[in-house]
Amino acid sequence: MKRRIFDSIYYVGACDKSKTLFENLFPIPSGMRYNSYLIDDEKTALLDTADEAVRDEFLQNIKDTLKGKPLDYLIVHHAEPDHSALISSVLDIYKTATLVTSPTALKFINQFSGKDFTDRTKTVKEGDTLSLGKHSLSFIAAPMVHWPEVIVSYESATHSLFSADAFGSFGSEQGSLLFSSSKNRDSWTDEARRYYSNIVGRFGNNVTALLNKAAKLKIEKILPLHGIIFDKDCDFAISKYSKWSSYTPENNGVLIVYATMYKNTKYAADLLSALLCEKNIPNKTVDVSYTDISYIISDCFEYKNIVIASPTYYGNMFPKIEQFLSHLKKSAVIGRRIGFIENGTWAPTAAKNMKDFLADMKADFSLPTVTVKSSCDENCIKQIENLAAAIASDFS
């Protein structure tokens, strides 16, 4: 299908709604969109390919858009297989096309494909340009956003940033391509934050470096490799990335993450939530046993305060809590205030183990620890009241 976005830029990507896990790890209940673009000018350029899962639709979209014209360039911004799996197929069909990518990306492409495309490749670095006629692409290095080979490109005629995985999101947006036609800004924010925090999150400094380069450009459109295309309100997307890359919380409220075996730790978490609600402090409770970790990591980027509640298990923390904390450390989020609730019948040690596990995080651990001994008695309730009061002191 030929699908014009604006000017001479066409969408040739596709959405896979059959896949349930992205990277065989992250839930994608509404599927995943693999974006690819074609510029039809004096020279034609295909910007990135797609995942093997959408092969037939993707190749047909290119054919329908070119309508018999040759393909002059295949530009690869990012060599990860969800965008590069069909490079060989494209170059086999369009035998005179030149591959344009970074030197490191070429190495990765050759490794993944088992072929050597060196003789068909024009390698580019930051500052290089590629003229297509009316349209011209300027290349910008974006190492570790989120792989080392990544480049992005800026198209000067339409003031468009082809941003690779930056500004991408999970989901398919129910067929909508453009932000101007998207019905729910919050749905993009939630799925873009989940994508960013789990996949790009630990590389905040690298993202900030890219944003600093982007600040020097007039950007009116952002075209990422996943999710919605920003045909307006680019400042909104950039402001979100600025917060996430600097680990600035969007919500001063409290995220309560808990595990429970016999509902006693859940009771403590729910009591804390109720007390915070009475103080008009926004909060959210999450059970790690029933919520995928990718959603919880996204919440950790959103909230300033995090309280983690765990039973003691074999003298340590509950296994699902340990798994969550391992991912939290890998995300490299900083600047959070973190408190602990532990439960133990004869030797409660979960809080010490949790705090020791997170000791090298740049976090504030000054909140009082709550110790539950089997179930919440009057002493336990008093401790939770004290914890709620300590959290509330930051809101006065």
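Structure notes:
- Volume of the convex hull of segment 134-207 (Cα atoms only), normalised per residue: 108 Å³.
- Normalised by the number of residues in segment 163-309, the mean separation of alpha-carbon contacts (under 8 Å, six or more apart) gives a relative contact order of 28 percent.
- The angle separating the long axis of helix 378-392 from the principal Cα axis of greatest extent in the chain is about 40 degrees.
- Surface analysis of segment 331-387 yields an accessible area of 49 Å² per residue, using protein heavy atoms and a 1.4 Å probe.
- Rounded to the nearest 500, the 222 nm mean residue ellipticity of the chain from helices alone is -10000 deg cm²/dmol, with -39,500 (n - 2.57) taken per DSSP H run of at least 4 residues.
- By the compact-protein rule of thumb, 2.2 N^0.38 Å, the alpha-carbon radius of gyration of segment 251-324 corresponds to a ratio of 1.07.
- The alpha carbons of segment 90-216 stretch over 46, 34, 33 Å along the principal axes, in descending order.
- Gap separating the Cα centres of segment 133-206 and segment 224-292, nearest whole Å: 22
- Residue among Gly168, Gly204, Gly253 with the largest mean-square fluctuation in a Gaussian network model of the chain, springs linking Cα atoms under 10 Å: Gly253
- Angle in degrees between helix 204-214 and the longest Cα principal axis of the chain, rounded to the nearest 10: 40
- Heavy-atom accessible surface of segment 169-240: percent carbon and sulfur, 1.4 Å: 45
- Think of each Lys and Arg Cβ as +1 and each Asp and Glu Cβ as -1; about the Cα centre, that makes the dipole of segment 28-153 roughly 260 debye.
- Average projection area in nm² (convex hull over Cα atoms of segment 283-396, one quarter of hull surface): 7.0
- Gyration tensor (alpha-carbon) shape descriptor, segment 1-112, a/c threshold 1.5: oblate
- Restriction of the GluC sites (Glu not before Pro) in segment 152-229 to DSSP coil positions whose beta-carbon has at most 15 other beta-carbons within 10 angstrom yields Glu220.
- For the chain, built as a Gaussian network whose Cα springs stay under 10 Å, the top-fluctuating residue of Leu74, Leu328, Leu130: Leu130
- Spherically averaged projected area of the convex hull of Cα atoms, the chain: 20.5 nm².
- Crossing angle, helix 185-195 versus the chain [Cα axis fit, 0-90 degrees, rounded to tens]: 90
- Residues whose placed amide H lies under 5 Å from that of Leu74, excluding near-sequence neighbours: Leu46, Thr98, Leu99, Val100
- Considering only Ala259, Ala214, Ala309, the mean-square fluctuation computed in a Gaussian network model of the chain, springs between alpha carbons under 10 angstrom, is largest for Ala214.
- Of Lys69/Lys216; Lys125/Lys221; Lys2/Lys95; Lys266/Lys304, those spanning more than 30 Å from alpha-carbon to alpha-carbon: Lys69/Lys216
- Shape summary of segment 189-341, radius of gyration then Dmax from alpha carbon positions: 17.4, 57 Å.
The values are calculated or read from the model by the stated rules, or taken from the named source; none is laboratory data. On a predicted model such as this, the values are computed, not experimentally measured, just so you know. Positions of Cβ are generated from backbone atoms using ideal geometry, with glycine treated the same way; all protein chains shown enter the neighbour counts. These accessible areas exclude ligands, DNA and RNA; they are computed on the full protein's heavy atoms, side chains included. Shrake-Rupley method; radii C 1.70, N 1.55, O 1.52, S 1.80 Å.
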